[in-house]
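Student: There's a structure below that I have some questions on.
We did not get these values from a lab; they are worked out from the coordinates using the rules stated. A quick note: this is a predicted structure, and the numbers were derived from the prediction, not measured.
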Amino acid sequence: MIGQSRWLAVTAMFVALAYVSALASYFIPNVSLIFIAVFSAGALFGLKSGLIVGLLGEFLWTFLNPVGPAPPPTMLGQIVGMTAVGALGATVFNRKLMRQPSPFGYWSLFHLGLTCGLAFQIILTSFEMAAYGLTWEYLTLGLTFSILTIVSNGIIFPFCYPFLVRLNNRAGAHV
């Protein structure tokens, strides 16, 4: 178990990383590195960190992004969706895969990347549909437009896998 001060510092660092990673990928439509930052916080440091990093990191991004704050229903949907990504990192990713890279680890992260992108998009679109009275056609078009987000996560997550293992082993990240 890591100490409270260390946990707070690491969680704050991952919140900042989440915001900066979203900002860094701003100019690539529907590709966002915030997903892997939030997922990693949950996978490395547990559910509490994953939830906090997802909530605060996405709040900062959706409130302070270059085009201005998102409308409240969209902002809420994005925050809930990214919080779910942090929870997935903490609860679904197999901790044994963090010891050393393995083919199953790459395969798992590919599928978890797709799952995180899809879950986020479904949650966000559901919030927007509830708020704006949008139709199922909107959901279908929104998910079609979001295919790039979902597929890019399937590429980014396994690419980052060796770095997550190294961080885990070097920093003693597991709680």
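Student: Pairs of Cα atoms under 8 Å, at least six residues apart: use those to get the relative contact order of the chain, whole percent.
Tutor: In percent, rounded to a whole number, it is 26.
Student: Indicate the gyration tensor shape class of the stretch 89-139 (rounded, prolate or oblate), computed on the Cα atoms with a ≥ b ≥ c the square roots of the eigenvalues: a/c under 1.5 is rounded; otherwise a/b larger than b/c is prolate and the rest oblate.
Tutor: Prolate, because a/c is 1.5 or more and a/b exceeds b/c.
Student: Let me ask something else about it. Report the gain in length on full extension from Val31 to Lys48: 0.36 nm times residue separation, minus Cα-Cα distance, nm rounded to one decimal.
Tutor: 3.6 nm
Student: Further question: If you stretched the chain out fully between Trp7 and Val20, how much longer would it get, using 0.36 nm times the residue separation minus the C-alpha to C-alpha distance?
Tutor: 2.7 nm
Student: Report the far tail of the P(r) of the chain, meaning the percent of Cα-Cα pairs longer than 30 Å.
Tutor: Of all Cα-Cα pairs in the chain, 15 percent lie more than 30 Å apart.
Student: At what distance in angstrom do the alpha carbon centres of the stretch 117-152 and the stretch 32-59 lie from each other?
Tutor: 21 Å
Student: For the chain, find the longest principal axis of its Cα atoms and tell me its angle to the long axis of helix 34-45, 0 to 90°, nearest 10.
Tutor: Value to nearest ten degrees: 40.
Student: With θ set to phi - 60° and the Karplus curve 6.51 cos²θ - 1.76 cosθ + 1.60, what are the ³J(HN,Hα) couplings of the stretch 137-149 in order, to the nearest whole Hz, using x for Gly and Pro?
Tutor: Once θ is set to phi - 60°, the couplings for the stretch 137-149 become 5, 4, 4, 5, 5, x, 5, 5, 5, 8, 4, 4, 4 Hz.
Student: Next question. Per-residue ellipticity at 222 nm for the chain, helices alone: DSSP H runs ≥ 4 residues times -39500 (n - 2.57), over residue total, nearest 500 deg cm²/dmol?
Tutor: -26500 deg cm²/dmol
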